[in-house]
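Visitor: Would you mind keeping the following structure in view while I ask a few things?
The values are calculated or read from the model by the stated rules, or taken from the named source; none is laboratory data. What you see is a predicted model; the values in this text were computed from it and never measured. Counting neighbours? That spans all protein chains shown, and the Cβs are built from the backbone with ideal geometry, glycine included.
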Amino acid sequence: MIVKDEFLAKLRRYFGLNLYEVKIWSALLSRGVSTAGELSDIANVPRSRSYDVLESLEKKGFVVMKLGKPIKYIAVEPSEVLERVKKNVHKEAQERSKRLEELKGTDVIQELNALHKQGVELVEPSDLSGSIRGRHNLYNHLELTIRDAEESVSIMTTSQGLIRKIEGLKPIFEKLKKRGVKVRIAAPITKECMPAIKDLGGLAEIRNAAVDARFTLVDGKEIIFMVMNDNDVHPTYDVGIWVNTPFFSSALQSLFDLAWKDMKPVAKK
């Protein structure tokens with residue numbers, strides 16, 4: 001049996017199997033019914049491991065053990081395997097989410113928070129900075145930063161960035177609105193932006209900016225800025241810098257406020 005390494009890698013990624021498991025499973029699929037010894041030879045897996053691997057695949061619902069001697073194994077139809085894996089992943093996610101939810105208010109979280117506060121007190125202000133790689137991580141950190149805003153959030157972004165932020169951060173904007181935090185967003189407004197702006201429903205004031213820039217200011221104290229044009233970089237390689245620096249942030253906030261006065265509100269565009 002010849003199976004490309006690329007195909008085996010895909011099976012491992014999509015089905016959550018290790019290398020021996022995908023080799024044995026592929027071999028059994030090609031045979032339909034087979035013994036552990038035969039599968040070991042076909043898949044080039046040590047015979048001493050093939051029984052453990054088949055037992056693992058049986059527990060996961062990939063194979064069925066056939067009654068009789070010698071013991072043989074039957075491959076479950078791949079489409080059925082896919083459904084079983086989906087159910088298991090969903091069940092595991094729910095159980096994990098439930099366990100994490102139960103941690104709230106426990107001694108574990110209280111101790112972790114105490115450790116964090118103790119650590120922050122020892123950190124120099126100049127050390128409160130970091131580089132964040134990947135757009136997914138950037139938005140996670142952006143959400144974390146603006147969630148604790150007390151007075152204002154000022155965002156300068158691109159047209160596509162505006163759409164992404166409205167889609168991803170709308171729940172946060174709703175909470176900020178209820179707390180009286182002023183959210184302002186400046187971006188080049190295009191026809192593609194309008195449905196997202198309409199969906200935002202007035203949770204933030206949006207104005208048309210003549211330039212492309214990518215940064216977020218929170219309370220004039222913290223700043224997150226992206227170093228590359230989002231049109232020129234793949235989301236995986238997007239890079240942002242987070243800095244907790246009231247001196248620089250307040251200066252940039254003043255420049256943003258000056259530019260804001262000359263920008264046209266979306267309603268007037």
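Visitor: Taking the conditions exactly as written (small (Gly, Ala, Ser) and surrounded by 14 or more Cβ atoms within 10 Å (Cβ to Cβ)), does SER48 satisfy them or not? First the steps, then the outcome.
Guide: Details: small (Gly, Ala, Ser): yes; surrounded by 14 or more Cβ atoms within 10 Å (Cβ to Cβ): no.
In short, no.
One line per residue, one yes/no per condition, for (1) of a type in the set (Gly, Ala, Ser); (2) at pLDDT 90 or above:
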{"residue": "ALA210", "(1), (2)": "yes, no"}
{"residue": "ALA213", "(1), (2)": "yes, yes"}
{"residue": "THR216", "(1), (2)": "no, yes"}
{"residue": "ASP219", "(1), (2)": "no, yes"}
{"residue": "LEU255", "(1), (2)": "no, yes"}
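Visitor: Of all residues in region 195-221, how many are in contact with a helix residue (DSSP H, G or I) (Cβ under 8 Å, 6 or more places away or on another chain) and more than 19 Å from ALA259 (Cα to Cα)?
Guide: Count: 5.
Visitor: Quickly run through region 144-186 and pick out the residues that are in a helix (DSSP H, G or I), aliphatic (A, V, I, L, M) and more than 19 Å from ASN208 (Cα to Cα). Even if it seems obvious, please write down each step before you answer.
Guide: At the first step, the residues of region 144-186 found to be in a helix (DSSP H, G or I) are 144-147, 159-178.
Now narrow it down to the ones that are aliphatic (A, V, I, L, M): 144, 146, 162-163, 166, 169, 172, 176.
Within region 144-186, LEU144, ILE146, LEU169, ILE172, LEU176 meet the criteria.
Visitor: Say whether the condition of being surrounded by fewer than 19 Cβ atoms within 10 Å (Cβ to Cβ), touching a Gly at 6+ places or on another chain (Cβ under 6 Å) and among the β-branched types (Val, Ile, Thr) is met by at least one residue in region 234-242.
Guide: Applying the first criterion (surrounded by fewer than 19 Cβ atoms within 10 Å (Cβ to Cβ)) to region 234-242 yields 234-237, 239, 241.
Then keep just the ones that are touching a Gly at 6+ places or on another chain (Cβ under 6 Å); that gives 236.
With among the β-branched types (Val, Ile, Thr) added as a condition, the list becomes 236.
Yes.
Visitor: So which of ASP212, ASP230 is buried (at least 18 other Cβ atoms within 10 Å of the Cβ), charged (D, E, K, R) and either not in a strand (DSSP E or B) or not assigned by TED's automatic domain parsing to the domain that holds GLY130 (or both)? First the steps, then the outcome.
Guide: Numbers: ASP212 fails: buried (at least 18 other Cβ atoms within 10 Å of the Cβ).
After applying the criteria, what remains is ASP230.
Visitor: Taking SER79, is it at negative phi, surrounded by 13 or more Cβ atoms within 10 Å (Cβ to Cβ) and of a type in the set (S, T, N, Q)?
Guide: Values: at negative phi: yes; surrounded by 13 or more Cβ atoms within 10 Å (Cβ to Cβ): no; of a type in the set (S, T, N, Q): yes.
For SER79, the condition - at negative phi, surrounded by 13 or more Cβ atoms within 10 Å (Cβ to Cβ) and of a type in the set (S, T, N, Q) - is not met.
Visitor: If you don't mind, there's one more thing I want to ask. Somewhere in region 93-100, is a residue out of contact with any strand residue (DSSP E or B) (no Cβ under 9 Å at 6 or more places or on another chain), assigned to a helix (DSSP H, G or I), surrounded by 12 or more Cβ atoms within 10 Å (Cβ to Cβ) and among the hydroxyl-bearing types (Ser, Thr, Tyr)? So that I can check it myself, show each step before the final result.
Guide: Filtering region 93-100 down to residues out of contact with any strand residue (DSSP E or B) (no Cβ under 9 Å at 6 or more places or on another chain) leaves 93-100.
This time we only want the ones that are assigned to a helix (DSSP H, G or I), so: 93-100.
Going one step further and asking which of them are surrounded by 12 or more Cβ atoms within 10 Å (Cβ to Cβ), we end up with none.
Taking every residue of region 93-100 in turn, none turns out to be out of contact with any strand residue (DSSP E or B) (no Cβ under 9 Å at 6 or more places or on another chain), assigned to a helix (DSSP H, G or I), surrounded by 12 or more Cβ atoms within 10 Å (Cβ to Cβ) and among the hydroxyl-bearing types (Ser, Thr, Tyr).
To keep it simple, each residue is scored yes or no on (1) within 11 Å of SER152 (Cα to Cα); (2) touching an Asp or Glu at 6+ places or on another chain (Cβ under 8 Å); (3) surrounded by fewer than 17 Cβ atoms within 10 Å (Cβ to Cβ).
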{"site": "LEU176", "(1), (2), (3)": "yes, no, no"}
{"site": "GLY180", "(1), (2), (3)": "yes, no, yes"}
{"site": "VAL183", "(1), (2), (3)": "yes, yes, no"}
{"site": "ALA186", "(1), (2), (3)": "no, no, no"}
{"site": "ILE189", "(1), (2), (3)": "no, no, no"}
{"site": "MET194", "(1), (2), (3)": "no, no, yes"}
{"site": "LYS198", "(1), (2), (3)": "no, no, yes"}
{"site": "GLY201", "(1), (2), (3)": "no, no, yes"}
{"site": "ASP219", "(1), (2), (3)": "yes, yes, no"}
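Visitor: Follow-up question, since we're still on this one. Considering each of LEU67, LEU142, LEU103 in turn, give the residue that is within 30 Å of PHE173 (Cβ to Cβ) and at pLDDT below 90.
Guide: On the way: LEU67 fails: within 30 Å of PHE173 (Cβ to Cβ); LEU142 fails: at pLDDT below 90.
Unique residue meeting the criteria: LEU103.
Visitor: Mind listing whichever residues of region 235-264 are touching a helix residue (DSSP H, G or I) at 6+ places or on another chain (Cβ under 9 Å) and either free of Cβ contacts under 8 Å to residues at least 24 places away in the same chain or not in a helix (DSSP H, G or I) (or both)?
Guide: ASP238, VAL239, GLY240, TRP242, VAL243, ASN244, THR245
Visitor: Then there's this: Out of the residues in region 53-64 that are buried (at least 16 other Cβ atoms within 10 Å of the Cβ) and modelled with pLDDT of 90 or more, state the one that is farthest from SER26 (Cα to Cα).
Guide: The extreme case among them is SER56.
Visitor: Let me ask another. Would you say ASN18 is surrounded by fewer than 14 Cβ atoms within 10 Å (Cβ to Cβ) and within 21 Å of LYS86 (Cα to Cα)? Let's see the steps before the verdict.
Guide: Working: surrounded by fewer than 14 Cβ atoms within 10 Å (Cβ to Cβ): yes; within 21 Å of LYS86 (Cα to Cα): yes.
So ASN18 passes the test.
Visitor: Test LYS269 against the criterion of being at pLDDT below 90, within 19 Å of TYR139 (Cα to Cα), among the charged types (D, E, K, R) and out of contact with any Asp or Glu (no Cβ under 9 Å at 6 or more places or on another chain), and give yes or no. Spell out the reasoning first.
Guide: Values: at pLDDT below 90: yes; within 19 Å of TYR139 (Cα to Cα): no; among the charged types (D, E, K, R): yes; out of contact with any Asp or Glu (no Cβ under 9 Å at 6 or more places or on another chain): yes.
No; evaluated as a whole, the condition is false for this residue.
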